[in-house]
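**Q** For reference, the structure I am asking about is given below.
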Amino acid sequence: MTFWSIVAELGEGFLVSCEIFFITLIIALPLGLAISFGSMARWKPVRAVIKTIVWIVRGTPLMLQIMIIYYAPGLLFNVRGINNFPAVIIAFGINYACYFSEIYRGGIESISKGQYEAGQVLGMTKGQIFFRVVLLQVIKRILPPMSNEIMTLVKDTSLARIISVIELLFVAETFTLRGIIWPLFFTAVFYLAFIGILTIVFGRLEKKLNYFKV
Amino acid sequence: MTMETIAKTEAPPFLEVKNYRKRFGENEVLKGISFTLQKGEVLAIIGSSGGGKTTLLRCLNFLEIPDEGELYLGGERLFGADEKVKVSDARVREKRLHFGLVFQQFNLFPQYTVSKNIMLAQTLLAKQDFAQKKAAFAAARRSAPKEKRTQLKAEHKKILTEIRSGQKEAIEKKTLSLLERVGLSEKKDAYPYELSGGQQQRVAIARALALSPDILCFDEPTSALDPELTGEVLKVIKGLKSADSTMIVVTHEMEFAKNVADHVIFIADGLIEEEGTPEEVFEHPKSEKTQAFLRKSLEELF
């Protein structure tokens with residue numbers, strides 16, 4: 001096996017890692033916003049339910065959550081569970097949505113009441129106030145913690161191998177079984193490159209939102 | 001009493017607030033406030049902090065809903081605490097549009113330029129209006145005979161395009177004239193953080209005026225400003241005074257209240273302690289509380 005053929009195989013695993021990454025973001029970014037609304041709901045029972053869910057999800061390892069979603073249907077109810085890839089997506093989506101929701105909540109609550117009131121006295125609807133006035137200020141505020149969390153997600157994709165999703169680290173491990181160790185360490189190159197790109201992207205975004213001050 | 005004042009007192013009031021009460025938990029902030037205001041008048045509300053001035057203003061703008069009381073504007077009953085049915089959000093928004101409010105902390109939208117700050121609410125309302133017209137046209141087309149529909153569609157499209165460009169033009173024109181009125185035409189593309197406090201407050205005034213409220217309220221508009229910047233804001237407010245602009249100003253600036261207001265209300269502990277013309281309240285206060293308050297606010301000056 002040549003160097004390049006191994007790198008190509010690792011690359012295929014990396015594509016799966018990327019898939020997990022992007023699909024998780026597509027699900028968790030909006031879902032997190034919805035959960036953050038729930039955690040700020042005026043009705044107490046809603047708040048209590050959401051807070052309990054967030055507590056459970058943030059209080060247990062993601063790896064355990066992946067295993068529960070994958071194995072629990074079969075073990076507990078003796079029904080055929082879902083495939084490993086969807087199971088990973090569900091676990092990641094919910095897990096990251098919960099973390100994001102707390103970041104959103106922090107950002108939303110940091111916006112001064114005056115901004116909402118200014119919108120109200122100008123006859124704006126709640127939706128208009130949120131989307132036209134508050135949201136961009138929230139995004140500006142939460143960009144640094146968000147980028148942290150999103151970078152963690154890149155590396156968390158490696159947890160998917162626990163239920164045999166063939167992502168980057170899984171592929172590397174198959175080489176070690178054949179006595180080739182270096183691909184395992186080489187995976188760092190992929191992760192580092194990805195994080196490097198994200199660092200640049202978030203840096204640019206922050207700069208772009210520097211045109212105003214909150 | 002001269003003939004003029006008699007005529008004035010007999011005209012039906014433009015704004016009538018009856019027995020406004022508001023409590024927050026144990027704390028009763030407004031204990032039955034009633035007053036009237038004529039169109040074109042400037043009302044100054046003075047009093048020590050915590051007396052309920054700001055709460056009253058917030059109740060007028062429906063940012064707080066009074067526990068008791070009624071409000072009439074131009075003869076129409078706009079609010080009654082006894083109304084059993086919960087008022088819809090849309091209705092509250094409509095009511096709010098009768099009043100404008102300029103905040104102590106300006107509360108400009110930081111991500112928008114000065115002109116966008118002034119235009120935003122107008123644009124949103126225009127859009128709403130446009131959507132309604134569009135829907136009305138669509139309904140009219142549906143009820144029209146089939147063969148006429150294509151022709152109607154073209155006609156409607158033309159009218160709608162005209163409406164939209166007309167709206168846009170009107171909003172831009174209005175925004176520019178408002179900026180001129182507050183003396184900030186050259187700042188129209190600046191962002192709020194690039195402006196001084198006084199300039200920000202002037203933009204906030206223009207923004208509040210953009211929706212042409214019946215009554216414009218000011219909540220201590222100069223309290224957050226450095227002393228050297230209060231003058232420019234007060235000057236703008238004074239300049240707004242005209243026969244058809246009715247204003248309510250909560251203020252600590254006694255000189256301003258004296259010179260600009262037609263009517264002064266002194267509020268203490270949630271009640272109107274004294275009211276009358278500036279001369280009556282400032283020169284011949286009847287209540288001891290008013291006398292003490294005025295003495296104190298004069299002392300602060302020196």
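The values are calculated or read from the model by the stated rules, or taken from the named source; none is laboratory data. Small disclaimer: the values here were computed from a predicted structure and weren't measured. Here the Cβ is made from the backbone with ideal geometry for all residues, glycine too, and neighbour counts use every protein chain on show.
**Q** Quick check on region B:55-101: of everything there that is assigned to a loop (DSSP other than H, G, I, E, B) and of a type in the set (S, T, N, Q), which residue is farthest from B:LEU216 (Cα to Cα)? Give the steps one after another, and end with the answer.
**A** Initial filter on region B:55-101 (assigned to a loop (DSSP other than H, G, I, E, B)): B:61-67, B:74-75, B:81-88, B:97-98.
Okay, now just the ones that are also of a type in the set (S, T, N, Q), so B:61, B:88.
Working: B:ASN61: 10, B:SER88: 23 Å.
Among residues in region B:55-101 that are assigned to a loop (DSSP other than H, G, I, E, B) and of a type in the set (S, T, N, Q), the one farthest from B:LEU216 (Cα to Cα) is B:SER88.
**Q** When both residues are 6+ apart or on different chains and their Cβ atoms are under 9 Å apart, which pairs have a first residue that lies in region A:36-51 and is under 15 Å from A:GLU102 (Cβ atoms), and a second that is among the acidic types (Asp, Glu)?
**A** Qualifying pairs under 9 Å: A:SER36/A:GLU102; A:SER39/A:GLU102; A:MET40/A:GLU109.
**Q** While we're here: Name the residues in region B:25-78 that are among the basic types (Lys, Arg) and away from chain A (no Cβ under 14 Å), would you?
**A** Restricting attention to region B:25-78, the residues satisfying the condition of being among the basic types (Lys, Arg) are B:31, B:39, B:53, B:58, B:77.
Of everything in region B:25-78, those that are among the basic types (Lys, Arg) and away from chain A (no Cβ under 14 Å) turn out to be B:LYS31, B:LYS39, B:LYS53, B:ARG77.
**Q** Regarding region B:90-110, can at least one residue be identified that is surrounded by 17 or more Cβ atoms within 10 Å (Cβ to Cβ), touching a Lys or Arg at 6+ places or on another chain (Cβ under 7 Å) and modelled with pLDDT of 95 or more?
**A** Yes, there is a match, as at least one residue in region B:90-110 is surrounded by 17 or more Cβ atoms within 10 Å (Cβ to Cβ), touching a Lys or Arg at 6+ places or on another chain (Cβ under 7 Å) and modelled with pLDDT of 95 or more.
**Q** Would region A:117-140 turn up any residue that is among the hydrophobic types (A, V, I, L, M, F, W, C) and farther than 30 Å from B:GLN128 by Cβ?
**A** no
**Q** What single numbered condition from (1) farther than 30 Å from A:TYR71 by Cα; (2) more than 14 Å from every other protein chain (Cβ to nearest Cβ); (3) surrounded by fewer than 19 Cβ atoms within 10 Å (Cβ to Cβ) fails to hold for A:MET146?
**A** (3)
**Q** Another question about this same structure. Which one of the conditions (1) within 14 Å of chain A (Cβ to nearest Cβ); (2) crowded, with 21+ Cβ neighbours inside 10 Å does B:ILE171 fail to meet, given that it meets all the rest?
**A** Condition (2) is where B:ILE171 drops out.
**Q** So, A:ALA48, is that one over 23 Å from A:ILE195 (Cα atoms) and over 18 Å from the mean Cα position of the chain (by Cα) or not?
**A** On the way: over 23 Å from A:ILE195 (Cα atoms): yes; over 18 Å from the mean Cα position of the chain (by Cα): yes.
Here the answer is yes, as A:ALA48 does meet what is asked.
**Q** Test B:GLY32 against the stated conditions and say whether it is surrounded by fewer than 18 Cβ atoms within 10 Å (Cβ to Cβ), part of a strand (DSSP E or B) and over 19 Å from the mean Cα position of the chain (by Cα).
**A** Values: surrounded by fewer than 18 Cβ atoms within 10 Å (Cβ to Cβ): yes; part of a strand (DSSP E or B): yes; over 19 Å from the mean Cα position of the chain (by Cα): yes.
For B:GLY32, the condition - surrounded by fewer than 18 Cβ atoms within 10 Å (Cβ to Cβ), part of a strand (DSSP E or B) and over 19 Å from the mean Cα position of the chain (by Cα) - is met.
**Q** Here are some residues: A:VAL133, A:VAL201, A:VAL138, A:VAL154. Which one is within 21 Å of the chain's Cα centre (by Cα), within 30 Å of B:ASN61 (Cβ to Cβ) and modelled with pLDDT of 95 or more?
**A** The match here is A:VAL138.
**Q** Considering only region B:205-300, give the strands (runs of 3 or more DSSP E) lying wholly within it that have at least 2 residues that are more than 21 Å from the chain's Cα centre (by Cα).
**A** On the way: elements: B:215-219, B:246-250, B:263-268, B:271-276.
Because the criterion is at least 2 residues that are more than 21 Å from the chain's Cα centre (by Cα), the strands (runs of 3 or more DSSP E) in region B:205-300 that meet it are B:271-276.
**Q** Related question: Of all residues in region B:21-45, which are within 19 Å of B:GLY100 (Cα to Cα) and touching a residue at least 24 places away in the same chain (Cβ under 8 Å)? Even if it seems obvious, please write down each step before you answer.
**A** Restricting attention to region B:21-45, the residues satisfying the condition of being within 19 Å of B:GLY100 (Cα to Cα) are B:35-45.
Those that are within 19 Å of B:GLY100 (Cα to Cα) and touching a residue at least 24 places away in the same chain (Cβ under 8 Å): B:PHE35, B:LEU37, B:GLN38, B:LYS39, B:GLY40, B:GLU41, B:VAL42, B:LEU43, B:ALA44, B:ILE45.
**Q** Identify all residues within region B:82-101 that are under 25 Å from B:LEU240 (Cα atoms) and more than 9 Å from every other protein chain (Cβ to nearest Cβ); write none if there are none.
**A** Quick first cut of region B:82-101, residues under 25 Å from B:LEU240 (Cα atoms) only: B:93-101.
Once the filter is applied, which keeps residues that are under 25 Å from B:LEU240 (Cα atoms) and more than 9 Å from every other protein chain (Cβ to nearest Cβ), region B:82-101 yields B:LYS95, B:HIS98.
**Q** Pairs needed: first member in region B:91-118, at positive phi; second member anywhere, in a loop (DSSP other than H, G, I, E, B); C-beta distance under 9 Å; at least 6 residues apart or different chains.
**A** Note: pairs meeting the criteria are B:PHE106/B:PRO221; B:PHE106/B:ALA224; B:ASN107/A:SER112.
**Q** Those residues that are of a type in the set (A, V, I, L, M) and either touching a strand residue (DSSP E or B) at 6+ places or on another chain (Cβ under 7 Å) or not in a helix (DSSP H, G or I) (or both), I need them from region B:102-128; list them, please.
**A** Initial filter on region B:102-128 (of a type in the set (A, V, I, L, M)): B:102, B:108, B:114, B:118-121, B:124-126.
Those that are of a type in the set (A, V, I, L, M) and either touching a strand residue (DSSP E or B) at 6+ places or on another chain (Cβ under 7 Å) or not in a helix (DSSP H, G or I) (or both): B:VAL102, B:LEU108.
**Q** So which of A:GLY196, A:GLY179 ends up being out of contact with any helix residue (DSSP H, G or I) (no Cβ under 7 Å at 6 or more places or on another chain), more than 14 Å from every other protein chain (Cβ to nearest Cβ) and not in a helix (DSSP H, G or I)? I'd like the intermediate steps shown before the answer.
**A** Values: A:GLY196 fails: not in a helix (DSSP H, G or I).
Answer to the selection: A:GLY179.
**Q** Here is a check on your reading of the model: is A:TYR96 within 10 Å of chain B (Cβ to nearest Cβ), modelled with pLDDT of 95 or more and over 19 Å from A:LEU209 (Cα atoms)? If you could, list the steps in order and put the result at the bottom.
**A** Numbers: within 10 Å of chain B (Cβ to nearest Cβ): no; modelled with pLDDT of 95 or more: yes; over 19 Å from A:LEU209 (Cα atoms): yes.
Considered against the rule, which asks whether it is within 10 Å of chain B (Cβ to nearest Cβ), modelled with pLDDT of 95 or more and over 19 Å from A:LEU209 (Cα atoms), A:TYR96 comes out as no.
**Q** Could you tell me how many of the residues in region A:52-85 are touching a helix residue (DSSP H, G or I) at 6+ places or on another chain (Cβ under 9 Å) and small (Gly, Ala, Ser)?
**A** Number of matching residues: 1.
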